[in-house]
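Accompanying notes for the structure given below.
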Ligand SMILES: Nc1ncnc2c1ncn2[C@@H]1O[C@H](COP(=O)(O)OP(=O)(O)OP(=O)(O)O)[C@@H](O)[C@H]1O
Ligand SMILES: [Mg+2]
């Protein structure tokens, strides 16, 4: 069964989609069989993989809302070792519906049970990209995940939003009796020379362990909760605009910025260490 990593932050623009894209590309390059679930009706992740019209998936075998109706859902193969379940605007309607257990639909689809095989069995790594809110799709992402990865920008406003995101995670764990671990926090668009960023990062490194320490049922995947920061670079938006991975963009057009690739590689290595999936690689 693949490890399921949910990227959450209820603040918009935190880097969820960019990092999901970079990591899924990196893991698949290394030979891991990767599935990306775009669980955000905005469909940013789906667009990052080059699909510009979400409506093309409506009422097809790739329509993610099928999982709410017991119909088949097939991922799309986007490159070697990398499959995508694209988003669909119908997700928003499902999230707002009065359906019983709507937060657990993705979990059941990925992990299976009651005689049904879960899709996670076919992969080594599954990344779920979630929306910028604390609604049913974000809670559904948390409920489906073995690990929660939280990217965050480093302004004061972002840091206050982070507490809300943590509360959502804690509440979901309690409500659904989840057995997940916090994989860590990734500081995004960091400007090392900007005082605000430095101060916010230092303060988060102090306050977050304190907050989590109050809930002894919340597991953490590492004592050092913070990954290396990803610096503020326009290349991320440029790669997104071209619908190519950050690595491909840098290797093709920005060779002088290889440090961005090294940061992604280092975060990938660290995720492997924290989830100990090296020995389970099935290729
Ligand atoms: N390290 C970075 N430096 C500069 N810009 C970045 C960086 N990472 C991401 N961005 C840019 O920030 C914007 C928001 O990023 P992204 O879409 O990944 O965030 P998100 O959390 O998924 O947003 P949403 O909540 O809307 O889904 C994008 O334009 C992206 O290209
Ligand atoms: Mg996004």
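Each reported figure results from applying straightforward, stated rules to the coordinates on display, with no laboratory input. Note that this is a predicted model, so its numbers are computed, not measured. Backbone-built Cβ (ideal geometry, glycine too); neighbour counts: all protein chains shown.
By how many nm would the segment from residue 198 to residue 219 grow when fully extended, if each residue of separation counts as 0.36 nm and the alpha-carbon distance is taken off?
Details: separation 21, 0.36 × 21 = 7.56 nm, distance 2.67 nm.
Contour length minus Cα-Cα distance gives 4.9 nm.
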- In whole angstrom, how far apart do the alpha carbon centroids of segment 62-82 and segment 92-132 sit? 11
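Count the DSSP beta bridges whose two residues both fall in the chain, then state the antiparallel fraction as a percent rounded to the nearest 5.
The antiparallel fraction comes to roughly 15 percent.
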- Please arrange 100, 47, 1 by counting, for each residue, the other beta carbons lying within 10 Å of its beta carbon, fewest first. 100, 1, 47
- residue 79 paired with residue 252, simple spin-label distance in nm, labels 7 Å along Cα-to-beta-carbon: 0.9
- Message: Defining a contact as two alpha carbons under 8 Å apart and six or more residues distant in sequence, what relative contact order in percent does segment 3-280 show?
- Response: 23
- Label zone at residue 53, where the point sits 7 Å out along the Cα-to-Cβ direction: segment 60-81 residues whose backbone N lies under 17 Å: 60-63
- Note on the structure: Ordering 259-270, 57-68 by per-residue average of other C-beta atoms within 10 angstrom, highest first, gives 57-68, 259-270
- Note on the structure: Of all DSSP beta bridges having both residues in segment 1-129, the percent classed as antiparallel (nearest 5) is 25
- Classify segment 67-134 as rounded, prolate or oblate, taking a ≥ b ≥ c as the square roots of the eigenvalues of its Cα gyration tensor: rounded when a/c is under 1.5, otherwise prolate if a/b is larger than b/c and oblate if not. oblate
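Would you mind calculating the gained length between residue 228 and residue 242 on full extension (0.36 nm times residue separation, minus the Cα-Cα distance), in nm to one decimal?
Working it through step by step, the gained length comes to 2.5 nm.
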- Task: Just rank 104, 35, 7, fewest to most, by other beta-carbon atoms within 10 angstrom.
- Result: 104, 35, 7
- Rounded to the nearest 0.05, what FRET efficiency do residue 259 and residue 89 have when you use their Cβ-Cβ distance and R0 = 35 Å? 0.40
- Task: Considering Cα pairs under 8 angstrom that are at least six residues apart, work out the relative contact order of segment 155-283 and quote it in whole percent.
- Result: 26
- Note on the structure: Assertion target for 29, 273, ordered by fewest C-beta neighbours within 10 angstrom first, is 273, 29
- Expressed as a whole number of Å, what is the distance separating the alpha-carbon centroids of segment 173-188 and segment 1-19? 11
- Task: Express in whole angstrom the spacing between the alpha-carbon centres of segment 206-283 and segment 26-47.
- Result: 14
- Query: Taking the mean number of other Cβ atoms within 10 Å as a proxy for protection, how do you rank 164-170, 133-139, 207-213 from highest to lowest?
  - Reply: 133-139, 164-170, 207-213
- Item | GNM result for the chain, Cα springs below 10 Å: residue of 112, 101, 43 fluctuating most strongly | 101
- Contour minus Cα-Cα span, residue 175 to residue 61, at 0.36 nm per residue, comes to 37.9 nm
- Task: Show that you can apply the helix-only estimate: for the chain, add -39,500 (n - 2.57) for every DSSP H stretch of four or more residues, divide by all residues, and state [θ] at 222 nm to the nearest 500.
- Result: -12500 deg cm²/dmol
